[in-house]
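Undergrad: The structure under discussion is supplied below as structure tokens; questions concerning it will follow.
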2 protein chains.
Amino acid sequence: MKRKATALDVAKLAGVSRSAVSLVLNGRGDGNVALESQQRIREAAAALNYSPNKIALSLRNQQSRIIGIVSDQVVTSPFDGNIIAGADAVAREHGFVTVVMDTELDESRDESAVETLLDRQVDGLMYVTVGLRPLHVPANMARVPSILANCFDDRPEAGLPAVIPDEVRGGREAAEHVMSLGHRDIAFLAGDSLTPAAPRRIEGFRDAFSGAGMPVTQDRVIQVGWDIDAGFHGAMKLLEGVEPAARPTAILCANDRLAIGVVLACYRLGLSVPQDVSVMGYDDEFRIAKAMVPALSTMALPLREMGAAAMASLLAEVGSAPEGTSDDGGPAAAAVSGAARETLVPCRLVVRESTGPVPAGR
Amino acid sequence: MKRKATALDVAKLAGVSRSAVSLVLNGRGDGNVALESQQRIREAAAALNYSPNKIALSLRNQQSRIIGIVSDQVVTSPFDGNIIAGADAVAREHGFVTVVMDTELDESRDESAVETLLDRQVDGLMYVTVGLRPLHVPANMARVPSILANCFDDRPEAGLPAVIPDEVRGGREAAEHVMSLGHRDIAFLAGDSLTPAAPRRIEGFRDAFSGAGMPVTQDRVIQVGWDIDAGFHGAMKLLEGVEPAARPTAILCANDRLAIGVVLACYRLGLSVPQDVSVMGYDDEFRIAKAMVPALSTMALPLREMGAAAMASLLAEVGSAPEGTSDDGGPAAAAVSGAARETLVPCRLVVRESTGPVPAGR
DNA sequence: TTGAAAGCGTTACCAT
DNA sequence: ATGGTAACGCTTTCAA
């Protein structure tokens, strides 16, 4: 296979001009080019395995049908990759391709990543983060239609639309789930406040209590961090050496890794899950939550949906939906708050085996 | 900020011709352009915030200083993202940028992903996979310098260079680590044979036994899968209801998730780790191995190094190292087997708290 | 030392 | 209906 055929090659082979080739191959042949020529052109193109040079196209048309995705660390960290998967799927449906650049959490690379993408004439830009977080959007992002997924810019002037999970609702529904199983003494192991996710989930947790007309047990909410060991030690503090009647009967965790630590602690103390204490995760992490022993009840983050909703909305702004299906504006359940242009996507309760009825007598 | 400045804008502002601008800005000004003009050109460029249009450059030069990375699922899965991080770091050092496309494990998208990248004039291509695996390289990859990271093509005709971890050595050194702690009855929970990683690690495990002049205890090697529950049930089979003297004193796992399951089982059975049984993982998974309770001894996969070595080697083939540091051929420890052009990168033993001396009397 | 012109591969306009 | 030509932004060669 040698150098690729150009439109000129096709034109020569078909015995016509370059313009004719262009017209025909772009569907604007009828009424402009003789039917017989059209036929010859198509044959020639097929014979030469011709496809237009995308670089030349971009230069000419000032657009590329490429959406650039810049991520803080979703490529290189284990988390949230499905946002990109969801975004990519929608882009492909509409005849766009996505191209990803990861800054590995180095904000000084933000601008240059965006610049590189812009240099390549991307038609739109999406910024994706691991974990919900506030962000200072790179200034040059404003040069093309752009959107934020799993992050938001709280400076009023930088009003980029954002698609984020409904964390407070997630926290509330998690609490409501164990409440519906009869639990009243519920603890919440809540990550830290470095990400807004934890405070929002705590807020939902509190909402559930007020909603149930129950007092919010202040000291049952502890912020310990996000990893297995944090969950372990947090649970130990809650359970070790305390008499059964004073133990929380359910422990909600701000992610699945904490839940692993909690289960570890329970087993170490000879406690059964969920017979003695119910444990709930958050995130529904791939091959973690489902594979745990016992399989973790959890609040699934709507990663794919977020990516898909963000891309659908971005593409609508980019305009031109020539190749894809009609876009009717994303998931029906999503709510948009007018001013800030934030789309909240609901989390999904997943009930497995780590939560059960409250122990008798509690 | 309106439309970007072009070379013509700079030329006009400096009162010279486009060619002069090009010459000066590409360092070929001396001896061709009057010093005074050079100065004016540089000032004009700075004033207009000029940078050459990359698309036009690519079209003109038939190259882009972009390396395309196609991944089977490293973006969208939680694993092995550091291969890309390592590759990207090296590329950036040399003035290249990387652009990633993930096929989400859909092999029918391989060709078109490569095609898209090729259309964009990438100067080189890297195929990266999650977990060591054989692969049928997309045919069109051969059109530019290419390399495989964490995968290999075993068809003799498709001789692309590959950078992979030295799994058999990893398996051997893992076994040797616990042997050095006095363990003799060692079990190996070994994933499955869907990936060549497990068989190779098993081979290394066996090598360690022959090396120590010990009989290979056949029934101590069990292939159970890769997830927490598999580790849990595997360990249960090994430990539950068997008298202490008949228990393996160390359990090696083919990944860290299995090790979590094993520890879970130990705790459930009232066994301590590492006092009663030593447990070892594999992979050194980010925020898993280190965060476990106890922190997992493990065999770290050299992900970053693999990505870096692969990129260094690819860039050497692409040629032209104008902007970066000199490349001296990757990690010193890597071994290249001439014919197949496979580079084996050694894993790294990480000793933490889950392995300890063999219990007294065993 | 400088500038004009060709060419990279397209598409779109405008005479023919 | 057709094909020539300009334009996208750049680099490079060649003549002045």
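FYI, it's all coordinate maths here, none of it is from the lab. These numbers were taken from a predicted model, which means no experiment stands behind them. Reconstructed Cβ throughout: ideal geometry from the backbone, glycine too, with neighbour counts over all protein chains shown.
Undergrad: Sort B:83-91, A:221-229 by packing, meaning the average of other beta carbons within 10 Å per residue, with the highest value first.
TA: Packing proxy ranking, top to bottom: B:83-91, A:221-229.
Undergrad: Among the lysines, which fall within straight-line cross-link reach of A:Lys12, defined as a Cα-Cα distance under 19 Å, with same-chain neighbours fewer than 8 residues apart omitted?
TA: A:Lys2, A:Lys4
Undergrad: Further, regarding this structure: In straight Cα distance, which aspartates and glutamates are under 18 Å from A:Lys54, not counting same-chain residues fewer than 8 positions off?
TA: Hits, sequence-local ones excluded: A:Asp9, A:Asp119, A:Asp123, A:Glu323, B:Glu111, B:Glu115, B:Asp119, B:Asp123.
Undergrad: Extending each Cα 7 Å along its Cβ direction at A:Gln62 and A:Arg133, get the distance between those two points in nm, one decimal.
TA: Placing both labels 7 Å along Cα→Cβ, they lie 3.6 nm apart.
Undergrad: Partner chain Cβ atoms within 10 Å, averaged over the residues of A:95-101 - can you pull that number for me?
TA: Mean inter-chain Cβ contacts per residue within 10 Å come to 5.
Undergrad: What fraction of the DSSP beta bridges in the protein assembly as shown is antiparallel, stated in percent and rounded to the nearest 5? Walk me through the numbers before you get to the answer.
TA: Values: 15 of 83 bridges.
DSSP beta bridges in the protein assembly as shown are roughly 20 percent antiparallel.
Undergrad: Could you tell me, in Å, what Rg and Dmax come out for the Cα atoms of chain B?
TA: Computed over the Cα atoms of chain B, radius of gyration and Dmax are 26.6, 92 Å.
Undergrad: Any idea what the dipole of chain B comes to, in debye rounded to 20, about its Cα centre with Lys/Arg Cβ at +1 and Asp/Glu Cβ at -1?
TA: 1060
Undergrad: Further question on the same structure: Would you look at the GNM of chain A, springs on alpha carbons closer than 10 Å, and say which of A:Phe152, A:Phe209, A:Phe188 moves the most?
TA: Highest fluctuation of the listed residues: A:Phe209.
Undergrad: Shortest first, in nm, what separates the label point of B:Arg287 from those of the same position in the other copies (7 Å along Cα→Cβ)?
TA: Label point to label point, same position, other copies: 1.7 nm.
Undergrad: Could you tell me which of rounded, prolate or oblate describes region B:157-259, using a ≥ b ≥ c as the square roots of the eigenvalues of the alpha-carbon gyration tensor, with rounded for a/c under 1.5 and, failing that, prolate when a/b is larger than b/c and oblate otherwise?
TA: oblate
Undergrad: Please identify, among B:Arg120, B:Arg18, B:Arg155, the residue showing maximal mean-square fluctuation in a Gaussian network model of chain B using a 10 angstrom Cα cutoff.
TA: Comparing B:Arg120, B:Arg18, B:Arg155 in the GNM, the peak value goes to B:Arg18.
Undergrad: When a/c is below 1.5 the answer is rounded, else prolate if a/b is larger than b/c, else oblate, so apply that to region A:1-47 with a ≥ b ≥ c taken from the square roots of the Cα gyration tensor eigenvalues.
TA: Because a/c hits 1.5 or more and a/b exceeds b/c, region A:1-47 counts as prolate.
Undergrad: Something else about it: For peptide A:50-61, how many partner chain Cβ atoms fall within 10 Å of a residue's Cβ, on average?
TA: 4
Undergrad: At 222 nm, what value in deg cm²/dmol follows for chain B if DSSP H runs of at least 4 each add -39500 (n - 2.57) and the sum is divided by all its residues, to the nearest 500?
TA: The per-residue figure over chain B is -11000 deg cm²/dmol.
Undergrad: If the elastic network links every pair of Cα atoms under 10 Å, which of A:Gly241, A:Gly204, A:Gly124 fluctuates the most in the Gaussian network model of chain A?
TA: Between A:Gly241, A:Gly204, A:Gly124, it is A:Gly241 that shows the largest mean-square fluctuation.
Undergrad: How high is the relative contact order of chain B, in percent, with contacts defined as C-alpha pairs under 8 Å that are six or more residues apart?
TA: After rounding, I find 17 percent.
Undergrad: Same structure, new question: Averaging sequence separations of C-alpha pairs under 8 Å and six or more residues apart, then dividing by the length of region A:1-115, give the relative contact order as a whole percent. Provide the component values of the computation, followed by the final result.
TA: Values: 113 pairs, mean separation 24.7, N = 115.
Relative CO of region A:1-115 lands at 21 percent.
Undergrad: Does anyone have the angle between helix B:256-268 and the longest principal axis of chain B? Alpha-carbon axes, 0 to 90°, nearest 10?
TA: Approximately 30 degrees, to the nearest 10.
Undergrad: Can you list the copy-to-copy distances for A:Ser19, using a point 7 angstrom from Cα toward Cβ, in nanometres, shortest first?
TA: 3.1
Undergrad: Here's another thing I want to ask about it. What's the average, rounded to a whole number, of partner chain beta-carbon atoms within 10 Å of each residue's beta-carbon in A:283-295?
TA: Across A:283-295, the average partner-chain Cβ count within 10 Å equals 5.
Undergrad: Rounded, prolate or oblate: which one fits region A:70-164, using the alpha carbon gyration tensor with axes a ≥ b ≥ c (rounded when a/c is under 1.5, else prolate when a/b beats b/c, else oblate)? Don't skip to the answer; put the middle values down first.
TA: Numbers: a/c = 1.28, a/b = 1.09, b/c = 1.17.
In terms of gyration-tensor shape, rounded.
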